[in-house]
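The values are calculated or read from the model by the stated rules, or taken from the named source; none is laboratory data. For clarity, every value in this text was computed on a predicted model and none was experimentally measured. Every residue, glycine among them, receives a Cβ derived from its backbone with ideal geometry; neighbour counts consider all protein chains shown.
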């Protein structure tokens, strides 16, 4: 049986130094952990809509585009939507805008404390075919003076219009007079037509027609207008029962 020899004290010192060096060498080979890239800050938000003029009853899906401080861009999906006038145009949490009435509203998209706005104009919907009756309520001009027996009468009315934003155009029939009309809607959203009409009696000069302050309420058309031959007479008509025809 072999005898165990005691180690010299210096041997313990050398072994301790070797152990410490080995631990230090092993720790130096550990790879650093992955770093998470920081998200750039939002610089601005732009509210996007197909056009600056919207028509009552025609919803519009809004979108928001983000521009970051580093110049990159992205579509925003979690913005908060608000409107400053829900009576004119309301907007839901998904950015669906509902135009309600003639006027102007400002829509705001907010994310991360940054807000973007868009001003939109809402106008009434005049597109379609309108038909019914109007009342010839007054007569002015030399011809009217020679016909003192004039009395208010009812006549037929028909109008077919197309609309693109503020621009409205089409054809109109007032009793036996027919012609083309077009106009840009007023700030109040009313029709203000100027037009020339071909009368059935070719001995007449072409009569002109002015349609003022005529507005739409749902599927009903309301208002008054003047029409006639400028050098002979002008008749004032009042829409009494004119409705939009449903296809």
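The criterion of at least 2 residues that are surrounded by 14 or more Cβ atoms within 10 Å (Cβ to Cβ) and in contact (Cβ under 8 Å) with a residue 40 or more places away in the chain is met, among strands (runs of 3 or more DSSP E) falling completely within the range 139-195, by 153-164, 167-174. Scan the range 94-136 for residues that are surrounded by fewer than 17 Cβ atoms within 10 Å (Cβ to Cβ) and at positive phi and the total you get is 2. Counting residues in the range 78-92 that are in contact (Cβ under 8 Å) with a residue 12 or more places away in the chain, surrounded by fewer than 13 Cβ atoms within 10 Å (Cβ to Cβ) and under 27 Å from residue 177 (Cβ atoms) gives zero.
I'm checking my understanding of the structure. Among residues of the range 209-243 that are surrounded by 14 or more Cβ atoms within 10 Å (Cβ to Cβ) and on the phi > 0 side of the Ramachandran plot, which one is modelled with the lowest pLDDT? This residue is 228. Of the listed requirements (1) touching a helix residue (DSSP H, G or I) at 6+ places or on another chain (Cβ under 9 Å); (2) at pLDDT 85 or above, residue 150 misses just one: (2).
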